[in-house]
Every structure is written in structure tokens, then in C-alpha cells.
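A.B. asks: Quick one: structure below, then a few questions.
Bear in mind these aren't lab numbers, they're just calculated from the coordinates by the rules spelled out. Source: prediction; values computed, not measured. Neighbour counts run over all protein chains shown; Cβ positions are idealised from the backbone, glycine included.
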Amino acid sequence: MSTAAPVTLELDDIQSGALHERPSPYVGAYLMLRIDDRADGRELVRRLLRLVDSGVPSHDPDHDAWITVAFTYQGLQALGVPQASLDSFSPEFKEGMAARAAQLGDLGESSPEHWERPFGTNEIHVAIAVLSPDIARLDAVADKARRAHQELDGITVVWRQDCYQLPTGRTSFGFKDGISQPSIEGSGRPASNPHERPLKAGEIVLGYPDETGELPPMPTPDVLGRNGTYVVFRKLHTKVADYRQYLRARAVNRHEEALLGAKMVGRWQGGAPLALSPDVDDEALGSDPRRHNDFLYGDDPRGFKCPVGSHARRANPRDGLDGDGSVDVRLHRMIRRGTSYGPELPDGVLEDDGEERGIIFVFAGAHIKRQFEFVKTQWLNDGIFIGAPNEADPLVGPSEGTGSFTIPQRPIRRRLQDLPPFVITRGGEYGFAPSLSAMRWLADLP
């Protein structure tokens, strides 16, 4: 397959979750299932196949819901996938997230010993995501998914998490999310940043050339691997009250409080990027999808507008690393979906109310190690690449209360000290979202 020729994705064979945006706002649920009987497991796959959407986007305003299905390594084992095929998956997928927790910085409160069960065990085999524009349609489609497994004695639901997106599109920390998504060649979706050309399809979907011009390693046989994608699932608890207290204690007024928060994140709460509006919030810019991702960092190498250590700039440095040529940022891009869970902490409240709240993080891509794991370990957990080896991401980086964050400013930079942990990992799994053809193959295994 020539990398110069236009790529045509087989959209009718690709699960839609990796390529197409969710409705906004939406409600949803994540279900984790265990397969105790192989025959029932294959019947479950057969039934789910009728519910899963392909990558061809629906233009029906009454479309009920978006359902995505993924399998863990243990889930594929439970279905009876031949060992030769199991061995062909990536090493990270086979090991699982819990086994790689120390490398990912999931230590202390975030270590697997403190995760919600059944995360970190071998009991999660199937992950199902159900998202819908409203609760009525969600219940209708969730009922279909429920009927797909409730008559099968060999299938057990081991975990469920309800989730939602507010009409504002904001997370529990109050910031608008889901802005900086790459466009994928052949997907039919336009780029949100005109400065960035679409990613090669093989960066997200297996079976197509990636940014290196090569075909990524793919599970065998081809029917199992092609048009599939790896999925990273993480449940993250957010310490919203601690975050607000930290900013309040270091700001002289409410504007400085909002500015410090924006410097840590890289955007104002309404979505306006510091790269375009460094000093004051611009609500019109933040709510304009044609403009709020239309920027680069090359004109701000020292981070006077947007600190190089801010969360958004670490997660996607754009052209900010072009100077030394040592890192090709495009090799580390990924599809990222953030979904809130738990009740919001009301505005202005500084004391924790004891409620569980946070973000469900889902990543889709063809390379777990050089996409999710690279970004997590090299860019979010470390500061070597920005010349600050002792600084981690101020929002999601691992911290024991001794972290720091530098804000470049004239005449003297400002350094925030003693950053507490604001985000705690509650659990996670590596999964594989197969194509519709692969699901048929799994259902019909001999």
C-alpha cells in the first residue's frame, strides 16, 4: 500500500468510537463483564455485534446511542482465541495496565493495591461503552445491551460506571475538554487545527500505514487485527476541593486565581487557549470550534504566553519541540475521550464533600507504548524534555506534595511549590476494540 496514495478507510468495518465525536451533551455508562463460559462468551459477541456502530457516522438526529466493545487479553483467552494469535498482540496489551503501573507512575494512592475491584485482577474480560444524547435513549439502548448478556449464565457484570458530559463540555475541575483532537486521514472528519495535517490512518487503526510509512505490528490472522484499535481505559478521581484551595491560597484576587489555573492547564476554563489569549479570558474564543484550536507554540518557545510545563502543552507540544528535531510529536498523538462521573462540586465550595467524582479517560490508537505510555511517562510525569527534570505535570503528574510548577514571566519567573496530588488513579485496563469482521470471527471460533 503506497503511503502517497489517498487512504480509504473501511469505515463500515471499524467501530465508530475511535473515529467519531460523541453527541454533546451526553449521558452514558461503562460496563465491565467477565466470561465464565466460552460458549456463552461467543454468543455474547454475536449479540453485541448487532448493537455496535460502524465508523460510518449516523446523520439521523434520532440515533439512539453509540456502543463500543473492547476485550482485554484475558477476555480473548476466555473466548478461546488460539495461542498463536494471542502471542501476536503487543507486549503492553498482554501484560495489562496493572503490571505496568510503576512505569506509568501509578504509585502511592494510585497504585493497583488501592484500585477499585475488579481493576488490577484478571476478572475484566469485556468492556462496553454506551453513550446517548439523553437518559431516555440511554436506558433504551442499555436495556438492549443488558438483554445481550442477562440470559447467559456464563456472563457476569463485574463493574459499572455511569458518566455524563455537561452542556458546557467541562470537567470536574471546571475546564472545557475534548478540544484538541487530531483528524485522521480517510475518516472524513475535518481538522480542528488548520496548521496540522491529518494523521496517517495507521496511527489509530491497524492495517494502514502510520506516520513512519510502515504498517504497524498487527495481531494475526488479518481478520482479527485489521481495522481494530487498542483502547486504554482509566478511572481518575479528581481532588477538586484541594485544587481550589491551592489556587485560592496563592492568589491575591479571583482574576489571579483563574489565571493561575489557566497557566497550569494551558487554557482558560471556557476553552480559550493561552497561546491566543494569554492575559484575559475570551469566552467567545473558547466557545468557537473554528478558532479555539487554531494555534501553535513555535512563537512562544519560553512559554511566556503558555508555560511549557502546562498540562495541555505537555500532552500535545505541537510545534514547540521542532527546534531540536529529537521528537516527532505526530508519533505520539492519540484519540482522547474524557468523560465525567460523580456529582459536580458546586462553584465556590472549597471543602471536600466526600463524594466520588472525576474523569473516565479513554484513549484509542495503534501503539499503546509510543502513544499513551510515552506521553504519560515522558511528557506528563517527567520534565526532562522541557528542561525541568524535577517538574511533573501540575495537574495529573505523580506528586507527594513536593512538586513545583514554573510560570515564565518578566522580570522574574514565578514558581508554585508544594503541589499536592490533584488526580488519583482508581483503576484501568488495556483493551482491544476489534473490527466488526473480527467480532464475527470471534463469535464463530471453532
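A.B. asks: What list of whole percents do you get for P(r) of the chain, with Cα-Cα distances grouped in 10 Å bins up to the one holding the largest distance?
C.D. replies: 4, 21, 32, 27, 13, 3, 0, 0
A.B. asks: Estimate the FRET efficiency between residue 113 and residue 136 by the formula 1/(1 + (r/R0)^6), using the beta-carbon distance for r and 45 Å for R0, to the nearest 0.05.
C.D. replies: So the FRET efficiency works out to roughly 0.65.
A.B. asks: Sticking with this structure for a sec: Below 26 Å Cα-Cα, how many Lys pairs turn up in the chain? Only count pairs eight or more apart in sequence, or on different chains, if you could.
C.D. replies: 20
A.B. asks: In whole Å, how far is the Cα centre of the stretch 386-446 from that of the stretch 258-275?
C.D. replies: Using only Cα atoms, the two centres lie 18 Å from each other.
A.B. asks: Work out, step by step, the length gained on full extension between residue 166 and residue 95: first 0.36 nm times the residue separation, then minus their alpha carbon distance; give nm to one decimal.
C.D. replies: Between residue 166 and residue 95, full extension yields an extra 22.1 nm.
A.B. asks: Now a separate question. Under 20 Å from a point 7 Å along the Cα-to-Cβ line of residue 356: which residues of the stretch 98-126 have their amide N that close?
C.D. replies: Residues 98, 106-126 fall inside that zone.
A.B. asks: Also, I was wondering about something else. Mean Kyte-Doolittle hydropathy of 1.6 or higher plus an axial Cα length of 30 Å or more: which whole DSSP H helices in the chain meet both?
C.D. replies: Once both thresholds are applied, nothing remains.
A.B. asks: Under a crude label model (7 Å from the Cα following the beta-carbon direction), how far is residue 85 from residue 245 in nanometres?
C.D. replies: Label at residue 85, label at residue 245, 5.2 nm between them.
A.B. asks: Give me the net charge of residue 103's neighbourhood, meaning all other residues with Cβ under 11 Å from the Cβ of residue 103; Lys, Arg count +1, Asp, Glu -1.
C.D. replies: -1
A.B. asks: Can you pull out the trypsin sites (Lys or Arg not before Pro) in the stretch 175-266 that DSSP calls coil and that have at most 11 other Cβ atoms within 10 Å?
C.D. replies: Answer by residue number: there is no such site.
A.B. asks: In addition: Using DSSP to define loop residues, name the GluC sites (Glu not before Pro) in the stretch 156-240 whose beta-carbon has at most 14 other beta-carbon atoms within 10 Å.
C.D. replies: Sparse-neighbourhood loop GluC sites (Glu not before Pro): 214.
A.B. asks: Consider a paramagnetic label point 7 Å from the Cα of residue 388 along Cα→Cβ; state which residues of the stretch 258-272 have an amide N under 16 Å from it.
C.D. replies: The answer is 259-267, whose backbone nitrogens lie closer than 16 Å to the label point.
A.B. asks: Could you work out the relative contact order of the stretch 237-428? I mean the mean sequence separation of Cα pairs under 8 Å and 6+ apart, divided by the number of residues, in percent.
C.D. replies: Across the stretch 237-428, relative contact order equals 22 percent.
A.B. asks: A follow-up question, please. Between residue 8 and residue 146, 0.36 nm times their residue separation minus their Cα-Cα distance comes to what?
C.D. replies: Computed gain between residue 8 and residue 146 is 46.2 nm.
A.B. asks: Here's something else I'd like to know. Evaluate E = 1/(1 + (r/R0)^6) for residue 153 and residue 299, where r is the Cβ-Cβ distance and R0 equals 56 Å; express this FRET efficiency to the nearest 0.05.
C.D. replies: 0.35
A.B. asks: Still on this model: Residues with beta-carbon under 9 Å from that of residue 371, excluding residue 371: net charge, scoring Lys, Arg +1 and Asp, Glu -1?
C.D. replies: My count for the surroundings of residue 371 gives +1.
A.B. asks: Post the alpha-carbon centroid distance, the stretch 68-99 to the stretch 100-152, in whole angstrom.
C.D. replies: 16
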